[in-house]
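Peer 1: This is the structure I want to talk about, given as structure tokens.
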Amino acid sequence: MQIAFTFQGVRCRETIPMPPTKTAQKELTLKRQAILYEIKTGTFDYLKHFPHSKKAKEFRKSRPDHYTIGEGLKAWLQRIQSKCQLSTLRDYGSAIHYHLIPKFGELTISELTAISIKEWLAELPISNKRKNNILTPLRQLYEEMYLDETIDKNPLDRVKNLPARAREPEPFTADEVAKILNELDGQERNIIQFAFWSGLRTSELIALRWQDVDLENNRIFVRQAKVRGHLKGTKTSSGSREVKLQPSAREALLSQQTTSRKIGEIVFNDSRTGEPWKNDQAIRKIIWMPALNRAGLKYRNPYQTRHTYASTLLSRGENPLWVAQQMGHKDWGQIRKVYGRWIPQLN
């Protein structure tokens, strides 16, 4: 048997598992009258009357005093599946399932307050940058509901992002670069030498293909990156770029092509397996850290090869805007901010 009614301008029809008897019809009539009264008085709870209804779950979202934050976050994550890179979805999923739902998941949308978020953030033993990233899914969910007029105010508007201190670049000196390279040979030396003289991120290095190398015109094209084992586009639209080959970078490619060009399309491979590197962390653990230890140098992360490239070019007087383009920055503002002390004209 079915019961029909109109709720929030939508015609609804729900099936009730009852035998078609006179008694059942009478009960159904009474139930419909009760529903109509609750709709009129603004107390109707769709999910309470029809707990297994798909339509009930849709209407539940429109009731911020009934719809939980956990439900909202899971639904939001589903909606963005086709819009985000896999690595971004993993980060959002981690923030939602390991931080936001355990803390706020049982609260309804209307119960969340700015002070409860601030107090929670103050207790989290992680960096400000990570805290800001964790809040991103919650911010986007509430912004979406505010724009849809499901809620009248957004508590996240009163929670500012925390100041995240950028790490100071620690580029290597020419002597330190030589010490590191002297501890390496073969493909391992090639990839690190190329990193120092190309400015590519490690994720871009391990995704570089021979089809993107143009030795005849002394350039390469950065078109993709490999993050957590998956190929994707560059970090930003400006990240897709043409990079002029410095002499040492060209030398590394010439050495590398005798080894890997016959194997496949990827330039730099894991010398132990002959296969492309799975992720950038493997480079750090297998090549980078042991080389620094053998060279007797304090640990600095592989990203410092990129800092070394930038500071070296700027110190010798290269145009900061050109350096920014080589590194995949939209403009030279970031270059000025991060590498200002290596730009002669600013000093």
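Peer 1: What does the charge count near PRO137 come to, summing +1 for each Lys or Arg and -1 for each Asp or Glu among other residues with Cβ under 14 Å from its Cβ?
Peer 2: +4
Peer 1: Please identify every one of the trypsin sites (Lys or Arg not before Pro) in region 81-146 that sits in a loop by DSSP and has no more than 10 other beta carbons within 10 Å of its own beta carbon.
Peer 2: LYS83
Peer 1: Here is a further query. Near ARG165, within a Cβ-to-Cβ distance under 14 Å, what is the net charge of the other residues, with Lys and Arg +1 and Asp and Glu -1?
Peer 2: It works out to a net charge of +4.
Peer 1: What nm value, rounded to one decimal, do you get for the distance between ASN293 and ARG261 when each label is placed 7 Å out toward the C-beta?
Peer 2: Rounded to a tenth, the inter-label distance reads 3.5 nm.
Peer 1: A further question on this structure: For helix 128-147, what angle does its Cα long axis make with the longest principal axis of the chain, in degrees from 0 to 90 and rounded to 10?
Peer 2: Computed tilt is about 40 degrees.
Peer 1: Then there's this: Top mean-square fluctuation among GLY42, GLY229, GLY296, Gaussian network model of the chain, C-alpha springs under 10 Å?
Peer 2: GLY42
Peer 1: Now for a different question. Charges only on Cβ, +1 for Lys and Arg, -1 for Asp and Glu: so what's the dipole of region 77-133 about the Cα centre, in debye to the nearest 20?
Peer 2: 320 debye
Peer 1: So what is log10(I(q)/I(0)) for the chain at q = 0.12 1/Å, when the Debye sum runs over its Cα atoms only?
Peer 2: -0.95
Peer 1: Right, next: With labels modelled as points extended 7 Å from the Cα through the Cβ direction, what inter-label distance (nm, one decimal) is found for ASP152 paired with LYS232?
Peer 2: Placing both labels 7 Å beyond Cα along the Cβ direction yields 3.9 nm.
Peer 1: For ARG209 and ARG341, what does the FRET efficiency come to when R0 = 35 Å and r is the distance between their Cβ atoms, rounded to the nearest 0.05?
Peer 2: It comes out at approximately 0.45.
Peer 1: Measure out, as a whole number of angstrom, how far apart the alpha-carbon centroids of region 95-116 and region 212-285 sit.
Peer 2: 42 Å
Peer 1: Can you send over the carbon and sulfur percentage of the accessible area for the chain, probe radius 1.4 Å, protein chains only?
Peer 2: About 49 percent, which is the carbon plus sulfur part of the accessible surface.
Peer 1: How many nm is it between the label spots at ALA34 and ALA178, if each spot is 7 Å from the Cα in line with the beta carbon?
Peer 2: According to this spin-label approximation, the distance is 8.8 nm.
Peer 1: For region 220-347, what relative contact order do you get, as a whole percent, if you take Cα pairs closer than 8 Å and at least 6 residues apart?
Peer 2: The value is 21 percent.
Peer 1: What pairs in LYS244/LYS330; LYS74/LYS103; LYS22/LYS55; LYS118/LYS330; LYS83/LYS244; LYS153/LYS232 have C-alpha atoms more than 26 Å from each other?
Peer 2: LYS22/LYS55; LYS118/LYS330; LYS83/LYS244; LYS153/LYS232
Peer 1: Using only alpha carbon pairs under 8 Å that are at least six residues apart, calculate the relative contact order of region 140-232 and give it in whole percent.
Peer 2: Across region 140-232, relative contact order equals 14 percent.
Peer 1: Before I look further, what does region 263-302 give for accessible area per residue, probe 1.4 Å, in whole square angstrom?
Peer 2: 54 Å²
The values are calculated or read from the model by the stated rules, or taken from the named source; none is laboratory data. Just so it is clear, the structure is predicted and the values come from calculations on it, not from any experiment. Heads up, the Cβs are rebuilt from the backbone with ideal geometry, glycines too, and the neighbour counts pull from every protein chain shown. All accessible areas refer to the heavy atoms of the entire protein, side chains included, with ligands and DNA or RNA removed. Shrake-Rupley method; radii C 1.70, N 1.55, O 1.52, S 1.80 Å.
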